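A short write-up of the structure that comes next.
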Amino acid sequence: MGVRRLLIIVFAIWWGWPALVAAQPAEVSLADYDRLLRAAHAAAQRGDLLDVQALAVELAAIKQVRMPDGQLALVDQSWLTTALASSAPDLPAIAARLGALIDALAPPGAVSPEGALRQWQAVYNEPPFNREGEGWLTQFLNWLFDLLDQLSPDLPDVPVPEGPANPAAFTPLVWTVLGIAAALLVGLLFFWVRGVRRTLRAPVKTPVADGDDPVTYSEAQRLAVAARQAGDRRSAVRYLYLAALLWLDEQGVLRYERSLTNREHLHRLRSQPPVRDLLAPVVATFDAVWYGFQPIDDQTFARYEQQVAAVQSLTKQPAGTSS
């Protein structure tokens, strides 16, 4: 390793230190975070890429959101930065994801602060927000190498005497610089690891993984029955909701797209008020139970099953017809 490379590393650490200090996690209120999400969502819907990029910078700096009861919820908007880094960002997909976050912020009905925090944790532990598949060491090394690449100038080569390795070539000044660089690097690693330990928390376990979602009505119905028999009413509510959407899709009534929010699915039924009115209470119960973690008793679950059955009964096509 030549003296030139050592000087490059020292220069990068010296100039990168203010950026590391400035990048400490920011904290905002729930109201301010909701305002930024809605502004970015509106900009993405109208196709204003520059506005979305400007708001993404503000969102990316937010690492913690202060909930109404004073608790802190961790957030990570790196998915938005990654999506905008593409040569042709998919603004409709970005708008759909932002819409899902906005829906989760204000579920139907009154939700306690504790329920809102649990709902927030559930959303951020499901794709696309959960990034636990990428190790923290990999993320740190990628960030460090990118920073060094951006900050390293083209320095002139320092002449080194030719011949066998000469320890005398490392003057006291060089050893001093190396010592300072090593101390700075150790300090950076220490503060970074301490910050990671403070912010890491055990992920909220959800009974259903993203890859396990059913793709047909019959499969969703079967999983709902199995979950109900196992005593997992929360998962049964989710599978019944998916069964209702998949049923409407198979009947040609509503195009089910996983990227859309619940409100957007209801909005697509605006030309069919009877179906929309029957599906609305199904969506409300699903949001309250799945995102809000509200308990559901046998009587409420039975009424929920009847609501799903009513949607299916209203949209069932006569025998011999195709969707």
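The values are calculated or read from the model by the stated rules, or taken from the named source; none is laboratory data. Every value quoted in this text rests on a predicted model; they were computed, and no experiment measured them. Virtual Cβ from ideal backbone geometry, glycine too; neighbours counted across all protein chains shown.
Say we look at the stretch 258-287 and pick out the residues that are among the basic types (Lys, Arg) and farther than 24 Å from Thr216 by Cβ; which of these is modelled with the lowest pLDDT? Filtering first and then ranking leaves Arg263.
Taking the numbered list (1) in a helix (DSSP H, G or I); (2) over 26 Å from Ala95 (Cα atoms) in turn, Gln317 passes all entries but (1). If you scan the stretch 257-278, which residues turn out to be in contact (Cβ under 8 Å) with a residue 24 or more places away in the chain and more than 27 Å from the chain's Cα centre (by Cα)? Answer for the stretch 257-278, where residues must be in contact (Cβ under 8 Å) with a residue 24 or more places away in the chain and more than 27 Å from the chain's Cα centre (by Cα): Pro274, Val275, Leu278.
Return the residues of the stretch 270-305 that are crowded, with 16+ Cβ neighbours inside 10 Å and either in a loop (DSSP other than H, G, I, E, B) or outside the structural domain of Val253 (by TED's automatic domain parsing) (or both); say none if nothing qualifies. Scanning the stretch 270-305 gives Gln272, Gly292, Phe293, Gln294, Ile296. Across the stretch 179-202, not a single residue is classified as modelled with pLDDT under 55, of a type outside the set (A, V, I, L, M), surrounded by 12 or more Cβ atoms within 10 Å (Cβ to Cβ) and assigned to a loop (DSSP other than H, G, I, E, B).
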